[in-house]
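Read through the structure below, which is laid out as structure tokens, and then see the notes.
The values are calculated or read from the model by the stated rules, or taken from the named source; none is laboratory data. These numbers were taken from a predicted model, which means no experiment stands behind them. Counting neighbours? That spans all protein chains shown, and the Cβs are built from the backbone with ideal geometry, glycine included.
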């Protein structure tokens, strides 16, 4: 099937100009890129005179609250009817369908940076393998002539920092660093922002990380690592905040690929991280998920954990065989 091309700047500009009430939809279990991008976009569009809310599926994690502004809400005002929906950081519509379903006849503008994006929606602007949706929003709205104030720029920088792991990932390009520099020049204190985002991990989260490392199992002669965090383990730790755990597992010496399975609100989630040519994005697509070459995820409905882990591990083992 032929993939839908990106809409032109002119087409996007017209759609935004015609809309008065705009609803921004970050994906479920919003990470830093989703929270920062959605929050920044509310600021950019409100400065343009629009009536805008970012409607999230849940409250942002405490560590991400510094990126969320007053228009980032879990309930929209009574009587608010959008004439444009903007999905943010959603590789497929299932990641925001819980809210899209309430407005079936409203146009959708799809803004994303995942190479596996299905290009859903009426208008599409997707640049796969860009560092973050935050970078995409900065580039797009700067090119469209919108004002990006300091508040919005700070949230965008946070989105970039979190989705590149402080410029660690290969998706960090020269333009990524230039944008960070431009934002710093606007007066945003990056050191202070990094301290707020990375330097205040709750004890419960660190306890869950320790438990994950303790429960880790190795495969492919130690080049792969796997961990499953059932709900009871999360309850024991006192948190369901699994963010960054898969990265910590992948960063163990000798490990090239990490798989984290965890229970989340009645579903089973898989997060995968890898180095180099080990393409976990293709694996995620095979199982109905998505993401990037070195960072991807899958959501399974209520299912047999042992069966899922066996199938995933077998498929991931084959990656190492092909690499060799």
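Of the residues 35, 115, 100, 14, which is over 26 Å from residue 265 (Cα atoms), outside the structural domain of residue 245 (by TED's automatic domain parsing) and in contact with a helix residue (DSSP H, G or I) (Cβ under 9 Å, 6 or more places away or on another chain)?
After ruling out the rest, the residue left standing is 115.
Among the candidates 46, 95, 13, single out the residue that is touching a strand residue (DSSP E or B) at 6+ places or on another chain (Cβ under 6 Å) and either surrounded by fewer than 22 Cβ atoms within 10 Å (Cβ to Cβ) or over 21 Å from residue 157 (Cα atoms) (or both).
46
Can you tell me which residue in region 171-204 is nearest to residue 153 (Cα to Cα), limited to those that are touching a residue at least 60 places away in the same chain (Cβ under 8 Å) and either in contact with a strand residue (DSSP E or B) (Cβ under 9 Å, 6 or more places away or on another chain) or surrounded by 12 or more Cβ atoms within 10 Å (Cβ to Cβ) (or both)? Can you show your working first?
Our first condition is that a residue be touching a residue at least 60 places away in the same chain (Cβ under 8 Å); within region 171-204, this holds for 171, 193, 196-197, 200-202.
With either in contact with a strand residue (DSSP E or B) (Cβ under 9 Å, 6 or more places away or on another chain) or surrounded by 12 or more Cβ atoms within 10 Å (Cβ to Cβ) (or both) added as a condition, the list becomes 171, 193, 196-197, 201-202.
Working: 171: 20, 193: 12, 196: 16, 197: 15, 201: 24, 202: 26 Å.
Filtering region 171-204 for residues that are touching a residue at least 60 places away in the same chain (Cβ under 8 Å) and either in contact with a strand residue (DSSP E or B) (Cβ under 9 Å, 6 or more places away or on another chain) or surrounded by 12 or more Cβ atoms within 10 Å (Cβ to Cβ) (or both), the one nearest to residue 153 (Cα to Cα) comes out as 193.
Give the residue, chosen from 302, 307, that is at pLDDT below 95, more than 20 Å from the chain's Cα centre (by Cα) and part of a loop (DSSP other than H, G, I, E, B).
302
From the list 303, 267, 315, 239, which one is closer than 26 Å to residue 198 by Cβ and without any contact (Cβ under 8 Å) to a residue 40 or more places away in the chain?
Exactly one residue qualifies, and that residue is 239.
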